[in-house]
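Since the structure comes first, as structure tokens, the remarks are kept for the end.
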């Protein structure tokens, strides 16, 4: 990747609203433990995908039309494989309908932006096949961007999905968590172990809470990178599980990028790591493109292939105009997901804002009774 989202300017009003917001309330511990929640692997069957038609002109400026079209393109591609639920501001419903078509279901919501991987809930299931939705208390990536509306998105989606709404005291984002569905997670320290999110919790506290919420037995911590992009280095730009025991890791090829050394450090850690079963990981690397299309190129342009999204029977991935790197991405994904169609899309406007396909999507897992 070349770079990712820079910090958006905050205002005095934003700081005041964040300071006055009522703090999260811990869910009843006995209920949560008894429920034995577990976050499924993204490759497990989905009931649907959630997205947000939420770019704001004050944030996206001249990119607004292009990013809306990108969101519609991603939604249309996913809708060929599974239902898509798209949050939309009521006054933009007509535009969203025109761009997305009638295969995408629109849900009214007030929004600040489009990054539903972080603003939406992290879905979990329990042994009774009940659906839960974990609210990670989105705070604008450490109070870097206004989020009064986006802070309510997780609870809104939980209600629409008829999921148990699970609260926690820790703060984080879905983009910082990657799981194999069998008890292993990869999480960036720069996100969850950051004073701009969790100033009063130590690493063991956060590990214990995430293990209870997501059904984890082992967390592999990557250092990530603090203060270089707005997310403080999310896992879904660095490493993704293709299946239990197999990790696809990004390798930054631009020596000028802050991720050049970071991705190499991550590779060292992943190659030495073991999963919850005690087995060493099989790590497959995927290099960033060496060139991208210039039409929408920005300082924030996120040119990374790791931010793909796995849906029912397909993988939705980016392409950036580097023929060799794009082809390599498709080849690697096809080898790792042999039973899924690999769909590559031009999402340059989303990338220009520092994100990718995975950042703009959130899976709702299917209950076992819904599969078939």
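Ranked for footprinting exposure by Cβ neighbours inside 10 Å, fewest first, 211, 85, 323 give 323, 211, 85. In this calculation the C-beta distance from residue 258 to residue 44 is compared with R0 = 30 Å, giving a FRET efficiency of 0.35. Cα-based radius of gyration for the range 179-222, normalised by 2.2 N^0.38 Å, reads 1.10. Of all DSSP beta bridges located in the range 23-366, what percent are antiparallel, nearest 5? Just about 40 percent of them are antiparallel. The distance from the alpha carbon centre of the range 189-267 to that of the range 29-106 is 24 Å, rounded to a whole number.
Given axes a ≥ b ≥ c from the Cα gyration tensor, I'd like to know whether the range 324-372 is rounded (a/c under 1.5), prolate (a/b larger than b/c) or oblate.
Working: a/c = 3.58, a/b = 1.32, b/c = 2.71.
Oblate, since a/c reaches 1.5 and b/c is not below a/b.
Every helix of 4 or more DSSP H residues in the chain counts as -39500 (n - 2.57), and over all residues that averages to -8000 deg cm²/dmol at 222 nm.
Between residue 341 and residue 162, the C-beta separation translates, for a Förster distance of 45 Å, into a calculated FRET efficiency of about 0.90. Approximating the spin labels as points 7 Å out from Cα along Cα→Cβ, the residue 155-to-residue 276 distance works out to 3.0 nm. Entry note, the range 231-368: relative contact order of 23 percent, from Cα contacts under 8 Å with a spacing of 6+ residues.
The alpha carbons of the range 60-153 give a radius of gyration and a Dmax of 14.7, 48 Å, in that order.
Compactness of the range 171-250, taken as the C-alpha radius of gyration over 2.2 N^0.38 Å, stands at 1.03. From least to most packed, judged by other beta carbons within 10 angstrom and beginning with the fewest, 160, 234 follow the order 160, 234.
Could you order the peptides 198-206, 309-317 from most to least packed, using the average number of other C-beta atoms within 10 Å per residue?
Details: 198-206: 13.4, 309-317: 22.2.
Highest mean packing first, the order is 309-317, 198-206.
In plain terms, the residue of 277, 226 with the fewest other Cβ atoms within 10 Å comes first and the most crowded comes last, giving 277, 226.
Here the contact order of the range 23-366, divided by its residue count and restricted to Cα pairs under 8 Å and six or more residues apart, works out to 21 percent. Each label was represented as a point 7 Å from its Cα along the Cα-to-Cβ direction; for residue 57 and residue 110 these points are 2.0 nm apart. Here the contact order of the range 65-118, divided by its residue count and restricted to Cα pairs under 8 Å and six or more residues apart, works out to 38 percent.
Given that just one value was derived from the coordinates, which of [x] -0.36, -0.59, -0.72, -1.01; [y] -0.46, -0.69, -0.79, -0.95; [z] -0.26, -0.45, -0.56, -0.84 is log10 I(q)/I(0) by the Debye sum over Cα atoms at q = 0.07, 0.09, 0.10, 0.12 Å⁻¹? Computing log10 I(q)/I(0) by the Debye sum over Cα atoms at q = 0.07, 0.09, 0.10, 0.12 Å⁻¹ and matching it to [x] -0.36, -0.59, -0.72, -1.01; [y] -0.46, -0.69, -0.79, -0.95; [z] -0.26, -0.45, -0.56, -0.84 gives [z].
Here, each number is a calculation from the coordinates, and none is a lab measurement. Predicted model only: the values in this text are computed from it and were never measured. Backbone-built Cβ (ideal geometry, glycine too); neighbour counts: all protein chains shown.
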